[in-house]
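Asks: Would you mind keeping the following structure in view while I ask a few things?
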Amino acid sequence: MKKNTMVSIGGLIIAGAIVFLLMAATPGSSGVEITLKELNGNQQKYEENYVTVEGLLVEESIEWDADKIELQFDVKDNEGNKLHVTHNGVKPDNFTEGVIVILQGNPAKEQGEFIAETVKTRCPSKYEGQDMENYDPESHKDKLNKPSSESEGEK
């Protein structure tokens with residue numbers, strides 16, 4: 001074999017190994033994002049999949065066992081669908097009523113159960129926009145019409 005052919009084959013093997021390792025290390029990239037309603041309706045269909053699902057936290061359902069580092073809680077959606085979640089890991093800081101919980105993991109064999117690998121939270125009010133009736137377009141005109149040299153000098 002020629003030297004160039006051997007180098008090309010070696011490069012392809014290394015590139016293939018890198019792609020394989022990246023895919024194996026990031027299971028979330030191969031998962032599916034579904035709603036609570038879809039998951040509750042077809043839990044057996046998604047049983048073998050790594051899925052992402054989100055819902056509102058039901059605060060009175062939180063059970064935290066610090067000794068086992070185990071968190072159990074329920075999430076719900078606006079249509080009344082509920083899901084019981086078990087997570088072996090730390091409890092997020094802002095774990096309170098009204099928080100949207102984003103779950104990644106696998107549905108359990110029992111209907112309405114979910115085993116979460118990751119639990120993330122976000123506050124819905126943080127992402128809501130301002131009312132348009134309170135918006136004053138005049139307040140932004142000065143910023144848009146300033147010459148670039150003036151705005152650079154103020155930094």
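The values are calculated or read from the model by the stated rules, or taken from the named source; none is laboratory data. Computed from a predicted model, the values in this text were never measured in an experiment. Backbone-built Cβ (ideal geometry, glycine too); neighbour counts: all protein chains shown.
Asks: For residues that are closer than 20 Å to G41 by Cα and aliphatic (A, V, I, L, M), tally how many sit in segment 67-82.
Replies: The qualifying residues number 1.
Asks: Take segment 46-66 and flag every residue that is in a loop (DSSP other than H, G, I, E, B) and either among the hydroxyl-bearing types (S, T, Y) or at pLDDT 90 or above (or both).
Replies: Y46, Y50
Asks: Oh, and also: Tally time: how many residues in segment 24-40 are surrounded by 14 or more Cβ atoms within 10 Å (Cβ to Cβ), at pLDDT below 85 and over 16 Å from the mean Cα position of the chain (by Cα)?
Replies: Of the residues in that region, 1 qualify.
Asks: Could you look through segment 57-81, keep only residues that are in contact with a Gly (Cβ under 7 Å, 6 or more places away or on another chain) and under 16 Å from K37 (Cβ atoms), and pick out the one that is surrounded by the most Cβ atoms within 10 Å (Cβ to Cβ)?
Replies: Out of the qualifying residues, it is V75.
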